[in-house]
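The values are calculated or read from the model by the stated rules, or taken from the named source; none is laboratory data. These figures come from a predicted structure and were not determined experimentally. All Cβ positions, glycine included, derive from the backbone under ideal geometry; neighbour counts span all protein chains shown.
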Amino acid sequence: MEKLWGGRFQGKSEAWIDEFGASISFDKNLAKQDIAGSLAHVKMLGKCGILNSEDTQEIIRGLNIVAEKLNKGELQFTLANEDVHLNIEKMLHEEIGPVAGKLHTARSRNDQVATDMHLYLKETVQNVIEKIHHFREVLVSKAEEHVETIMPGYTHLQHAQPISFGHHLMAYYNMLSRDQQRFEESVKRIDISPLGCAALAGTTFPIDREYTAELLGFSSIYDNSLDGVSDRDFILEFLSDSSILMMHLSRFCEEIILWCSHEFQFIELTDTFSTGSSIMPQKKNPDMAELIRGKSGRVYGNLFGLLTVLKGLPLAYNKDLQEDKEGMFDTAHTILTSLDIIAGMINTMNVNKEIMTKSTQKDFSNATELADYLANKGIPFREAHEIVGKLVLACTQKGIYLQDISISDYQAISPLIEQDIYDTLSSHTAVVRRH
Ligand code: ARG
């Protein structure tokens with residue numbers, strides 16, 4: 001097939017080499033943005049008198065037909081046409097004939113593809129923000145339900161101090177709030193139009209870049225045309241924000257997986273979010289949580305992939321930049337679906353309040369309470385810490401807990417200890433006193 005850029009070529013192309021260079025298999029995801037960019041561009045060409053109004057209207061009409069076909073799923077993208085830009089231009093040609101060739105006046109695929117990516121990410125990030133927001137709503141409502149649910153708080157995965165399950169959930173709420181903020185703040189660096197930078201040097205045609213930016217809903221335009229066509233920082237930032245988000249989801253999923261285990265039994269996931277085993281009939285596995293934890297790997301990989309692609313690239317456009325897309329699409333799909341899954345999983349989980357609370361009643365997570373109690377009575381905290389440490393040791397040797405020590409034994413240690421020690425040692429009191 002004849003190439004749209006074939007003028008200076010004599011030799012024949014070879015299909016297997018064309019296939020290596022083509023991006024249509026994945027950049028067809030940008031068809032909607034590509035048509036929107038072309039519509040803005042041609043309207044600007046008309047407004048600036050670069051195309052006459054008849055040609056302008058004809059191209060607009062043709063692009064609208066292609067857009068309609070796209071919506072109906074009727075477009076047939078072909079590898080021979082390399083990428084989404086050339087495919088759409090060919091389709092336009094099929095609709096309106098040679099006048100289609102005027103669309104590419106004062107434009108290059110370099111500013112075209114960058115424009116498509118900016119448009120795509122702007123929309124995607126908005127979607128991500130909404131999904132994070134929804135997940136935060138789920139977290140806050142679960143946390144409200146569990147203000148009074150006592151659970152062991154951990155450090156080193158060892159019982160540390162009793163906390164409320166709501167408190168624990170709100171830690172994730174706060175992480176997710178920072179994630180949302182990061183995505184929100186990134187928008188101003190996505191919301192910039194590269195259209196009109198052309199190949200790298202700008203154009204001799206009297207274009208109006210502000211006008212296309214306005215038509216496409218961009219807040220500003222790139223100042224420097226070389227930067228405009230070769231900047232992929234906004235994608236890196238998306239991948240980096242996504243990596244931090246996935247790290248948070250992965251940490252949460254790790255806890256969910258632990259909590260579902262027979263050893264913990266703190267929560268149970270609904271059947272919808274669990275799967276069985278093909279051999280062990282009793283199994284109910286938290287596969288979805290494991291998958292989110294696992295998928296953080298590909299998101300980090302996509303970040304490192306693009307960082308590596310960009311490192312050492314000379315200005316301005318290089319074909320290496322075509323490698324920016326698959327990781328971005330994959331990341332967008334991964335984080336959007338992971339957010340849906342985790343929100344549904346947390347919203348429907350069953351919390352075994354009793355088991356959670358009970359596990360704070362047969363442990364030493366009240367040791368700090370006793371040390372604080374003694375410190376409040378005037379014993380230096382270091383000394384109190386030592387006394388309680390020895391008591392814990394003695395208890396472990398006898399197989400009892402601090403709350404099992406009799407008042408007379410306590411008073412033998414320090415006459416300052418009174419009957420109210422038992423209330424102090426209850427996990428409920430420990431949590432309530434920290435409100
Ligand atoms: N498919 C290309 C990409 O994704 C579009 C830009 C091509 N530009 C070029 N000068 N070959 O980067």
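Inspect all residues belonging to the range 266-273 and state whether any of them is part of a loop (DSSP other than H, G, I, E, B) and not aliphatic (A, V, I, L, M). I'd like the intermediate steps shown before the answer.
Start the filter on the range 266-273 by keeping residues that are part of a loop (DSSP other than H, G, I, E, B), which leaves 266, 269-270.
Now drop any that are not not aliphatic (A, V, I, L, M), which leaves 266, 270.
Yes: the range 266-273 contains one or more residues that are part of a loop (DSSP other than H, G, I, E, B) and not aliphatic (A, V, I, L, M).
What are the residues in the range 101-119 that are crowded, with 22+ Cβ neighbours inside 10 Å and away from the ligand (no atom under 12 Å from the Cβ), if any?
Scanning the range 101-119 gives 103, 118, 119.
Residues are listed down the side, and each one gets a yes or a no for (1) touching a Leu at 6+ places or on another chain (Cβ under 9 Å); (2) within 15 Å of residue 124 (Cβ to Cβ); (3) assigned to a loop (DSSP other than H, G, I, E, B):
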position	(1), (2), (3)
185	no, no, no
195	yes, no, yes
198	no, no, yes
206	no, no, yes
210	no, no, no
213	yes, no, no
223	no, no, yes
228	yes, no, no
235	yes, yes, no
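Scan the range 33-62 residue by residue and report those that are closer than 20 Å to residue 198 by Cα and either surrounded by fewer than 16 Cβ atoms within 10 Å (Cβ to Cβ) or acidic (Asp, Glu) (or both). Can you show your working first?
Start the filter on the range 33-62 by keeping residues that are closer than 20 Å to residue 198 by Cα, which leaves 33-51, 56, 59.
Residues satisfying the conditions are 34, 48, 49.
Only residues that are under 21 Å from residue 5 (Cα atoms) and either surrounded by fewer than 17 Cβ atoms within 10 Å (Cβ to Cβ) or within 16 Å of the ligand (Cβ to nearest atom) (or both): list them for the range 63-85, please. Steps first, please.
Of the residues in the range 63-85, the ones under 21 Å from residue 5 (Cα atoms) are 63, 76-85.
Selection gives 76, 77, 78, 79, 80, 81, 82, 83, 84, 85.
Against the condition under 30 Å from residue 229 (Cβ atoms), surrounded by fewer than 17 Cβ atoms within 10 Å (Cβ to Cβ) and more than 16 Å from the ligand (Cβ to nearest atom), how does residue 336 come out, does it pass? Can you show your working first?
On the way: under 30 Å from residue 229 (Cβ atoms): yes; surrounded by fewer than 17 Cβ atoms within 10 Å (Cβ to Cβ): yes; more than 16 Å from the ligand (Cβ to nearest atom): yes.
The answer is yes for residue 336.
When the residues of the range 317-329 are narrowed to those that are more than 10 Å from the ligand (Cβ to nearest atom) and buried (at least 19 other Cβ atoms within 10 Å of the Cβ), which ends up nearest to residue 304 (Cα to Cα)?
Just the residues of the range 317-329 that are more than 10 Å from the ligand (Cβ to nearest atom), to begin with: 326-329.
In the following step, the residues that additionally are buried (at least 19 other Cβ atoms within 10 Å of the Cβ) were identified as 327-328.
Values: 327: 10, 328: 12 Å.
Among those that are more than 10 Å from the ligand (Cβ to nearest atom) and buried (at least 19 other Cβ atoms within 10 Å of the Cβ), it is 327.
Is it the case, given these coordinates, that residue 132 is in a helix (DSSP H, G or I), among the β-branched types (Val, Ile, Thr) and either away from the ligand (no atom under 16 Å from the Cβ) or modelled with pLDDT under 95 (or both)? If you could, list the steps in order and put the result at the bottom.
Numbers: in a helix (DSSP H, G or I): yes; among the β-branched types (Val, Ile, Thr): yes; either away from the ligand (no atom under 16 Å from the Cβ) or modelled with pLDDT under 95 (or both): yes.
For residue 132, the condition - in a helix (DSSP H, G or I), among the β-branched types (Val, Ile, Thr) and either away from the ligand (no atom under 16 Å from the Cβ) or modelled with pLDDT under 95 (or both) - is met.
Can you tell me which residue among 225, 242, 219 is within 16 Å of the ligand (Cβ to nearest atom) and modelled with pLDDT of 95 or more? Steps first, answer last, please.
Numbers: 242 fails: within 16 Å of the ligand (Cβ to nearest atom); 219 fails: within 16 Å of the ligand (Cβ to nearest atom).
Answer to the selection: 225.
Say we look at the range 86-100 and pick out the residues that are of a type in the set (Asp, Glu) and more than 16 Å from the ligand (Cβ to nearest atom); which of these is nearest to residue 23 (Cα to Cα)?
94
Being surrounded by fewer than 15 Cβ atoms within 10 Å (Cβ to Cβ) and either touching a Gly at 6+ places or on another chain (Cβ under 6 Å) or not β-branched (Val, Ile, Thr) (or both) is the filter here, so list the residues in the range 375-396 that pass it.
376, 377, 378, 380, 381, 382, 383, 386, 389, 390, 393, 394 - these are the residues of the range 375-396 that are surrounded by fewer than 15 Cβ atoms within 10 Å (Cβ to Cβ) and either touching a Gly at 6+ places or on another chain (Cβ under 6 Å) or not β-branched (Val, Ile, Thr) (or both).
Say we look at the range 246-286 and pick out the residues that are basic (Lys, Arg) and surrounded by 13 or more Cβ atoms within 10 Å (Cβ to Cβ); which of these is farthest from the chain's Cα centre (by Cα)?
Let us first name the residues in the range 246-286 that are basic (Lys, Arg), namely 251, 283-284.
The next check asks that each one be surrounded by 13 or more Cβ atoms within 10 Å (Cβ to Cβ); those that pass are 251, 284.
On the way: 251: 14, 284: 27 Å.
Result: 284.
Quick grid of which residues meet (1) of a type outside the set (Asp, Glu); (2) crowded, with 21+ Cβ neighbours inside 10 Å; (3) over 26 Å from the mean Cα position of the chain (by Cα); (4) on the phi < 0 side of the Ramachandran plot:
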{"position": "167", "(1), (2), (3), (4)": "yes, no, no, yes"}
{"position": "172", "(1), (2), (3), (4)": "yes, yes, no, yes"}
{"position": "178", "(1), (2), (3), (4)": "yes, no, no, yes"}
{"position": "185", "(1), (2), (3), (4)": "no, no, no, yes"}
{"position": "188", "(1), (2), (3), (4)": "yes, no, no, yes"}
{"position": "199", "(1), (2), (3), (4)": "yes, no, yes, yes"}
{"position": "207", "(1), (2), (3), (4)": "yes, yes, yes, yes"}
{"position": "217", "(1), (2), (3), (4)": "yes, no, no, no"}
{"position": "241", "(1), (2), (3), (4)": "no, yes, no, yes"}
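Just one of the numbered conditions (1) under 23 Å from residue 200 (Cα atoms); (2) within 36 Å of the chain's Cα centre (by Cα) is not true of residue 129; which one?
(1)
On the basis of being within 30 Å of the chain's Cα centre (by Cα) and either among the hydroxyl-bearing types (Ser, Thr, Tyr) or away from the ligand (no atom under 11 Å from the Cβ) (or both), does residue 23 make the cut?
Details: within 30 Å of the chain's Cα centre (by Cα): yes; either among the hydroxyl-bearing types (Ser, Thr, Tyr) or away from the ligand (no atom under 11 Å from the Cβ) (or both): yes.
It is true that residue 23 is within 30 Å of the chain's Cα centre (by Cα) and either among the hydroxyl-bearing types (Ser, Thr, Tyr) or away from the ligand (no atom under 11 Å from the Cβ) (or both).
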